[in-house]
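The values are calculated or read from the model by the stated rules, or taken from the named source; none is laboratory data. Note that the structure is a prediction, hence the values are computed from the model and not measured. Backbone-built Cβ (ideal geometry, glycine too); neighbour counts: all protein chains shown.
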Amino acid sequence: MELASKYNPTEVEAKWYQYWLDHHLFSSRPDAREPYTVVIPPPNVTGVLHMGHMLNETIQDILVRRARMEGKNACWVPGTDHASIATEAKVVARLAAQGIRKTDLTREEFLRHAWQWTEEHGGIILKQLRRVGASCDWDRTAFTMDEERSRSVIKVFVDLYNKGLIYRGVRMVNWDPKAQTALSDEEVVYKEEHTQLYYMKYYVAEDDGTGATGEEGEVIHQDGRGRYAVVATTRPETIMGDVAMCINPADPKNHWLRGKKVIVPLVGRVIPVIEDGYVDIEFGTGCLKVTPAHDVNDYMLGEKYNLPVIDIFNPDATLSEAAGMYVGQDRFDVRRQIAKDLQEAGLMEKVEAYDNKIGCSERTGVPIEPKLSMQWFLKMQHFADLALPPVMNDEIRFYPAKYKNTYRHWLENIKDWCISRQLWWGHRIPAYYLPTGGFVVAETVEEALSLARAKTGNEALTLADLRQDEDALDTWFSSWLWPISLFRGITDPDNADFKYYYPTSDLVTGPDIIFFWVARMIMAGYEFTGKMPFRNVYFTGIVRDKLGRKMSKSLGNSPDPLELIDRYGADGVRMGMMLCAPAGNDILFDETLCEQGRNFCNKIWNAFRLVRGWQTADAPQPETARIAAGWFAARLRRSAADVADMYRKYRLSDALMEVYRLFWDEFSGWYLEMVKPEYGQPVDRTTLGQTIAFFDALLHLLHPFMPFITEELWQHLCERRDGESIMVSPQDIPAPAGTDARLLAEMETVKSVIAGVRAVRNAKNIPPRTALELQAVGTDPVAAYAGVIAKMANVSRIQVVDAKDKGASAFLVGTQEFAVPLGNLIDVDEEIRKAQAELERLEGFLKGVNKKLGNERFVAGAPAAVVELERKKQHDAETKIATLRETLAALRG
RNA sequence: GGGCACUUAGCUCAGUUGGUUCAGAGCGUCUGCCUUACAAGCAGAGGGUCGGGGGUUCGAAUCCCUCAGUGCCCACCA
């Protein structure tokens, strides 16, 4: 079969993925081997693959495949997340497009639509993962809202409620007016915005003119209408909720306002002036309007001073009846309107531009509204106490470790978690309200009923008397159980899978969900299993474009991973991702990296074409090939050891780069060229066998990064039988041997000699076909490698000479001088210039070394080995300088 | 406003506890090659006073201080 000179990934990839599936090569069952478990960070069920996934899944696949090849029982569990808010928003939008309002539907009707949506769009991303090569155990595919996961969530809720860790109460929460639900603190993101600061006049009510003491610093505003205080706010639309004005008791400017009452502008309500140290004297005028219903701090003041609460907003952030004005209008329209009205009424002192940070909903993007409401909360201090120590003492390791700080800071300032959402798409809170007031919490409605009967003493209660809480749980309240619930560890903790696979091994995720997910999984792990959920956490970077901008739909700077795979092959794209992905660093993705990956595939492909094309003959192995094989075996052992070390440190980019260079430079560039027979000549069986063994080892090293091409070539290379696969044919590359270091060092010298000759060739424009002679001055330290040098540099003979030819171009390898006789081809002036420059450099270097050695404190203070090294540097430099001087003298002579 | 990182070749990054021959890699750049595995390639070359300044040390890219810049996280100044 003739092989094309270019690797074509498309067919190969489809073929092998199907082969892997057909032979259940990703499936895992508990056995005697050491388990290696990874749970996928479940993508949104209706999501599509983007570059962030591409990176994340590639890393997981590399780790999983590596573990599998090491002989571990690797199990990578895939699944999707129901993504409560995001999915519900999409369903609501679709319904709206059909002219259906959510509020016109019953819960059951809405959920039918949601499930329908999920079935239509769900799981697309899991199919896409196959294109990437992800070696997930698809039989274990789970969904955060499937039956098992739902049972786990409900069981855990009941358990925590019974432990007294879940409570219900009215608190100030983050309200998303678009999704019309409460959010946790973590779901609020702060955005810098250019806004206005409005300075409004609050006239003193029934002003009798008292209060002014004329003391230093006192600031009294007054106009024809009387005396007034000025309050600066970014939210003038909330004045209808004002119930007090607050000044700092230590603020002389506003002393005169003590004990007074002021009039809310436009509204006309008379409110008291209170005093509290909370108020920042420097901000604005030092007067703060207090709106307990719509600001967390104001709420705190309200509690402290027993102020009334006037909630002026409807759930969609339009003004409510309670506002009394602008009723039904949107908060931002009201802001514009009220600014105008204040202006016209002469109640606006001034308006200034102001940069402010606005809390916005992570999901819908709209500014959140602090709102008092009845919600369910999880007490977090208990969990923080559980989850902090294992990370700080490295029982659970973070890569990179810098995230330990972030983690600690969050846990040390933990607040209770608002877990209820006013949504339908999610796990419904298993609380049941009684007709007589109060509620019970139970896993099933039947249990709830018996609890209710016991609680009320009323045996006549029926299911119809119980009303289940309308709220759903925060999505993360199911995600935090993921590593446990995937193995049914909540509902059936004694099952064999759970005992075998849990704790999982590595978690790969982005640092953006360290609080949402990672921290909470650790909490859940210790709370419900008494064990860590995973041993290591690998935090990926955020994928940015080459200009450093975060990839996003709106910027249009995010390539479609599948399109990239079409163009460069999955292996090419995987490599492109990994080339720029050191752990924890943001990765600046550039499509040319995929090109590099594709080129590498091609390089591997062509190296294979070369080897495959060789005919064999019964012949003794040439000396050059024997040397090459001995050297490359050592080179391979060293790289394999280095790569293993990099895996241990999760330095996957470095590991890939090491294998890349090993294959391209050392194997293809040096080894294959050394053993390659003359065109049309056969190769001896020993060399062919060794070469295939090396190739096999290289494919094994490459496989985790580039699964498709390696499987394809491995089949050709080893003539595998059906059902076999490179991924389950572990190959142990021996540990480096004692003699390796010498072997490697000698070959480096040989390479330098070859490079030296080639450089001469290049400089003089001598074609590769023209054989050259080589002289070694005095002695030849690499005489044993003469055959290699002859072949690689096209050198006809190597002579040891006392003095090199007059017309020779010389170069130094270490302290050893070599020369290529060129007859009249040599450019004397150029040679002199070159030698002179080198001499000057060396003299400067020697001066530095001498200075160091001349320093008594260095000789006395530094370790003997270091001093010895300096002496060697000195000696070598002197030797080289002497050689160069001779060369120069000869050239000039 | 607090905290944590980072600043090394044109670009992206290594550089382990301060000490192996003027600081390394990949990509890009330049020069020469279509040499029957590969031009998605081969051979060679150039490129950095390790952000600025100060200090500790026999010795600093590496430790300390300081200044400047960048990024991220957290925070209730309206």
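Please work out if A:V309 is of a type in the set (A, V, I, L, M, F, W, C), part of a loop (DSSP other than H, G, I, E, B), touching a helix residue (DSSP H, G or I) at 6+ places or on another chain (Cβ under 7 Å) and at pLDDT below 95.
The answer is yes for A:V309.
Of everything in region A:410-420, what is part of a loop (DSSP other than H, G, I, E, B) and either exposed (fewer than 12 other Cβ atoms within 10 Å of the Cβ) or in contact with an Asp or Glu (Cβ under 7 Å, 6 or more places away or on another chain) (or both)? Give them in sequence order.
Going through region A:410-420, the residues part of a loop (DSSP other than H, G, I, E, B) turn out to be A:413-416, A:419.
Within region A:410-420, A:N413, A:K415, A:I419 meet the criteria.
Does A:D251 qualify as being within 15 Å of RNA strand B (Cβ to nearest atom) and either under 21 Å from A:A182 (Cα atoms) or touching a residue at least 12 places away in the same chain (Cβ under 8 Å) (or both)? Steps first, answer last, please.
On the way: within 15 Å of RNA strand B (Cβ to nearest atom): yes; either under 21 Å from A:A182 (Cα atoms) or touching a residue at least 12 places away in the same chain (Cβ under 8 Å) (or both): yes.
Criteria met by A:D251.
Going by the conditions given, is A:A250 assigned to a helix (DSSP H, G or I) and over 14 Å from A:Y202 (Cβ atoms)? Explain how you work it out, then say what you get.
Working: assigned to a helix (DSSP H, G or I): no; over 14 Å from A:Y202 (Cβ atoms): yes.
Judged against the criteria, A:A250 is not a match.
Would you call A:E817 of a type outside the set (K, R) and assigned to a strand (DSSP E or B)?
Details: of a type outside the set (K, R): yes; assigned to a strand (DSSP E or B): yes.
When the stated conditions are applied, A:E817 passes them.
Could you pull out the residue among A:A862, A:A877, A:A837, A:A890 that is free of Cβ contacts under 8 Å to residues at least 12 places away in the same chain, surrounded by 15 or more Cβ atoms within 10 Å (Cβ to Cβ) and not acidic (D, E)?
None of the other options fit; the residue is A:A862.
So A:L288 clears everything in (1) near RNA strand B (Cβ under 10 Å from one of its atoms); (2) assigned to a loop (DSSP other than H, G, I, E, B); (3) not hydroxyl-bearing (S, T, Y) except one condition, right? Which one?
The single condition A:L288 does not satisfy is (2).
Please work out which residue is farthest from A:D146 (Cα to Cα), limiting yourself to region A:458-492 and to residues that are in a helix (DSSP H, G or I) and without any contact (Cβ under 8 Å) to a residue 24 or more places away in the chain. Break it down into steps so the answer makes sense when it comes.
Going residue by residue through region A:458-492, those that are in a helix (DSSP H, G or I) are A:463-465, A:476-479, A:482-485.
Still in the list and also without any contact (Cβ under 8 Å) to a residue 24 or more places away in the chain: A:463-464.
Working: A:L463: 25, A:A464: 26 Å.
By that ranking, first place goes to A:A464.
Show the residue pairs that are 6+ apart or on different chains and have beta-carbon atoms under 8 Å apart, the first residue being within region A:618-647 and surrounded by fewer than 17 Cβ atoms within 10 Å (Cβ to Cβ), the second being part of a loop (DSSP other than H, G, I, E, B).
Note: pairs meeting the criteria are A:A619/A:P682; A:A641/A:A735; A:A641/A:P736.
Can you find a residue in region A:518-537 that is within 13 Å of RNA strand B (Cβ to nearest atom), among the hydrophobic types (A, V, I, L, M, F, W, C) and over 18 Å from A:T58 (Cα atoms)?
Let us first name the residues in region A:518-537 that are within 13 Å of RNA strand B (Cβ to nearest atom), namely A:518-519.
This time we only want the ones that are among the hydrophobic types (A, V, I, L, M, F, W, C), so: A:518-519.
Filter again for over 18 Å from A:T58 (Cα atoms), leaving A:518-519.
Within region A:518-537, one or more residues are within 13 Å of RNA strand B (Cβ to nearest atom), among the hydrophobic types (A, V, I, L, M, F, W, C) and over 18 Å from A:T58 (Cα atoms).
Rundown of residues vs (1) more than 9 Å from RNA strand B (Cβ to nearest atom); (2) hydrophobic (A, V, I, L, M, F, W, C); (3) within 19 Å of A:N824 (Cα to Cα); (4) without any contact (Cβ under 8 Å) to a residue 60 or more places away in the chain, yes/no style:
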| site | (1), (2), (3), (4) |
| --- | --- |
| A:A737 | yes, yes, no, no |
| A:D740 | yes, no, no, no |
| A:E748 | yes, no, no, yes |
| A:K751 | no, no, no, no |
| A:I754 | no, yes, no, yes |
| A:T770 | yes, no, yes, yes |
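Considering only region A:64-178, give the helices (runs of 4 or more DSSP H) lying wholly within it that have at least 2 residues that are under 24 Å from A:E470 (Cβ atoms). Outline the logic, then answer.
On the way: elements: A:84-97, A:107-121, A:124-132, A:147-162.
Here the list reads A:84-97, A:107-121, A:147-162.
Return the only residue of A:R107, A:R168, A:R151, A:R140 being touching a Pro at 6+ places or on another chain (Cβ under 9 Å) and either aromatic (F, W, Y) or surrounded by fewer than 21 Cβ atoms within 10 Å (Cβ to Cβ) (or both).
Working: A:R107 fails: touching a Pro at 6+ places or on another chain (Cβ under 9 Å); A:R168 fails: touching a Pro at 6+ places or on another chain (Cβ under 9 Å); A:R151 fails: touching a Pro at 6+ places or on another chain (Cβ under 9 Å).
Criteria check complete, one pass: A:R140.
Going by what's in this entry, would A:L449 be described as surrounded by fewer than 20 Cβ atoms within 10 Å (Cβ to Cβ) and more than 30 Å from A:K402 (Cβ to Cβ)? First the steps, then the outcome.
Details: surrounded by fewer than 20 Cβ atoms within 10 Å (Cβ to Cβ): yes; more than 30 Å from A:K402 (Cβ to Cβ): yes.
Yes; evaluated as a whole, the condition is true for this residue.
Could you tell me whether region A:44-65 includes any residue that is out of contact with any helix residue (DSSP H, G or I) (no Cβ under 9 Å at 6 or more places or on another chain), at positive phi and either away from RNA strand B (no atom under 16 Å from the Cβ) or among the hydroxyl-bearing types (S, T, Y) (or both)? Lay out the reasoning, then the answer.
Just the residues of region A:44-65 that are out of contact with any helix residue (DSSP H, G or I) (no Cβ under 9 Å at 6 or more places or on another chain), to begin with: A:52, A:56, A:60, A:64.
Adding the requirement that they be at positive phi leaves none.
Taking every residue of region A:44-65 in turn, none turns out to be out of contact with any helix residue (DSSP H, G or I) (no Cβ under 9 Å at 6 or more places or on another chain), at positive phi and either away from RNA strand B (no atom under 16 Å from the Cβ) or among the hydroxyl-bearing types (S, T, Y) (or both).
Please list, ordered by first then second residue, the pairs with beta carbon atoms under 7 Å, 6 or more apart or interchain, first in region A:351-364 and acidic (D, E), second not in a strand (DSSP E or B).
A:E362/A:E187
Within region A:470-490, track down each residue that is more than 21 Å from A:D185 (Cβ to Cβ) and among the hydrophobic types (A, V, I, L, M, F, W, C). Can you show your working first?
Just the residues of region A:470-490 that are more than 21 Å from A:D185 (Cβ to Cβ), to begin with: A:470, A:482-490.
Those that are more than 21 Å from A:D185 (Cβ to Cβ) and among the hydrophobic types (A, V, I, L, M, F, W, C): A:W482, A:I484, A:L486, A:F487, A:I490.
Identify the residue in region A:314-350 that is exposed (fewer than 14 other Cβ atoms within 10 Å of the Cβ) and among the basic types (K, R) and, among all such residues, is farthest from A:A229 (Cα to Cα).
Checking each candidate, the answer is A:R336.
Being part of a helix (DSSP H, G or I), surrounded by fewer than 22 Cβ atoms within 10 Å (Cβ to Cβ) and out of contact with any Pro (no Cβ under 8 Å at 6 or more places or on another chain) is the filter here, so list the residues in region A:47-63 that pass it.
The answer is A:G52, and nothing else.
Condition (residue is crowded, with 17+ Cβ neighbours inside 10 Å, within 14 Å of RNA strand B (Cβ to nearest atom) and farther than 30 Å from A:V158 by Cα) applied to region A:351-358: is it met by at least one residue?
Step one: of region A:351-358, the residues crowded, with 17+ Cβ neighbours inside 10 Å are none.
No, the conditions are met nowhere in region A:351-358.
Could you please tell me which pairs satisfy a Cβ distance under 7 Å, a separation of 6+ or placement on different chains, a first residue in region A:17-44 that is closer than 30 Å to A:I85 by Cα, and a second residue that is at pLDDT below 95 and in a loop (DSSP other than H, G, I, E, B)?
A:N44/A:A83
Can you name the condition, by its number, that A:P308 falls short on among (1) surrounded by 16 or more Cβ atoms within 10 Å (Cβ to Cβ); (2) over 43 Å from the mean Cα position of the chain (by Cα); (3) more than 16 Å from RNA strand B (Cβ to nearest atom)?
The one condition A:P308 does not meet is (1).
Yes or no, residue by residue, for (1) part of a helix (DSSP H, G or I); (2) surrounded by fewer than 20 Cβ atoms within 10 Å (Cβ to Cβ); (3) modelled with pLDDT under 95:
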| residue | (1), (2), (3) |
| --- | --- |
| A:W376 | no, no, no |
| A:V391 | yes, no, yes |
| A:N405 | yes, yes, yes |
| A:R408 | yes, yes, yes |
| A:P435 | no, yes, yes |
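Any residue in region A:206-225 that is assigned to a strand (DSSP E or B) sitting within a Cβ distance under 9 Å of a residue that is small (G, A, S)? List the pairs, counting only those 6 or more apart or interchain.
A:H221/A:A229; A:D223/A:G346
Filtering region A:217-242 down to residues that are among the acidic types (D, E) and within 19 Å of A:G284 (Cα to Cα), which residue is surrounded by the most Cβ atoms within 10 Å (Cβ to Cβ)?
The first filter runs over region A:217-242 and keeps only residues among the acidic types (D, E), leaving A:218, A:223, A:237, A:242.
Subset that is within 19 Å of A:G284 (Cα to Cα): A:218, A:237, A:242.
On the way: A:E218: 14, A:E237: 28, A:D242: 26.
Ranking the qualifying residues of region A:217-242, first place goes to A:E237.
Within region A:82-122, work out how many residues are among the small types (G, A, S) and touching a helix residue (DSSP H, G or I) at 6+ places or on another chain (Cβ under 7 Å). Steps first, please.
Residues of region A:82-122 among the small types (G, A, S): A:83-84, A:86, A:89, A:93, A:96-97, A:99, A:114, A:122.
Those left that are additionally touching a helix residue (DSSP H, G or I) at 6+ places or on another chain (Cβ under 7 Å): A:114.
So the count comes out to 1.
What about A:N585, is it at pLDDT 90 or above, on the phi < 0 side of the Ramachandran plot and within 33 Å of the chain's Cα centre (by Cα)?
Values: at pLDDT 90 or above: no; on the phi < 0 side of the Ramachandran plot: yes; within 33 Å of the chain's Cα centre (by Cα): yes.
Spelling it out, it is not the case that A:N585 is at pLDDT 90 or above, on the phi < 0 side of the Ramachandran plot and within 33 Å of the chain's Cα centre (by Cα).
Go through (1) at pLDDT 90 or above; (2) in contact with a Ser or Thr (Cβ under 9 Å, 6 or more places away or on another chain) for A:G284 and report which single condition fails.
Of everything listed in (1) at pLDDT 90 or above; (2) in contact with a Ser or Thr (Cβ under 9 Å, 6 or more places away or on another chain), A:G284 misses just condition (1).
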